[in-house]
Amino acid sequence: MSRFVELNLALILFLPWFAILGALFWLYPRRPRNPARQLFDAVSLAVSVCAFVLTVHWAHLHAGRGHGAMWPQILATSLGYGVFLLVLAIACAVRWRWLRGVVDHRE
């Protein structure tokens, strides 16, 4: 396996699941859907994927090789997925508070 594929295997395998989570993040809640919200959602998704990739690469570099050849992949995938979900959860919380304030001001 090439080094590029080895470093990005977790991203390749998780891409369909990230697409589903990203679509759900993008679509819900349906309102309000203004340009600021779309920009926030796009930046949040991009940051979560970038954080995933950086975490995976960091974990590959720092994983101890004494636990077997698969350990770097296991550690990288676990940490990367956790970081992806953490960033998306923080974005959800920030967006919820922001949108709650937008909806409250309309009424």
*Let me have the 222 nm mean residue ellipticity of the chain computed from DSSP H runs of 4+ only, each contributing -39500 (n - 2.57), with the sum over all residues rounded to the nearest 500.*
-30000 deg cm²/dmol
_In the stretch 32-94, trypsin sites (Lys or Arg not before Pro) in a DSSP loop with at most 13 other beta-carbon atoms within 10 Å_ = ARG33
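Which chymotrypsin sites (Phe, Trp or Tyr not before Pro) does the stretch 1-106 hold that lie in a coil by DSSP with at most 15 other beta carbons within 10 Å?
none
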*Please build a GNM for the chain, connecting alpha carbons under 10 Å apart, and tell me which residue among GLY80, GLY64, GLY22 fluctuates the most.*
GLY64
_Read-out Cα extents along the principal axes in Å, derived from the coordinates shown; its label in (i) 60, 20, 16; (ii) 38, 32, 23; (iii) 110, 30, 17_ = (i)
_Residue-normalised accessible area of the chain, given per residue in Å² at a 1.4 Å probe_ = 65 Å²
_Additional length obtainable on full extension of the chain from ILE90 to ARG30, 0.36 nm per residue less Cα span_ = 19.7 nm
*Hey, quick one: spin label on PHE4, modelled 7 Å out along Cα-Cβ, who in the stretch 39-61 has an amide N within reach, i.e. under 18 Å?*
53-54, 57
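The values are calculated or read from the model by the stated rules, or taken from the named source; none is laboratory data. Predicted model only: the values in this text are computed from it and were never measured. Cβ atoms come from the backbone with ideal geometry, glycine included; neighbour counts cover every protein chain shown. Quick note on the areas: whole protein, heavy atoms, side chains included, nothing else; ligands and nucleic acids left out. Shrake-Rupley method; radii C 1.70, N 1.55, O 1.52, S 1.80 Å.
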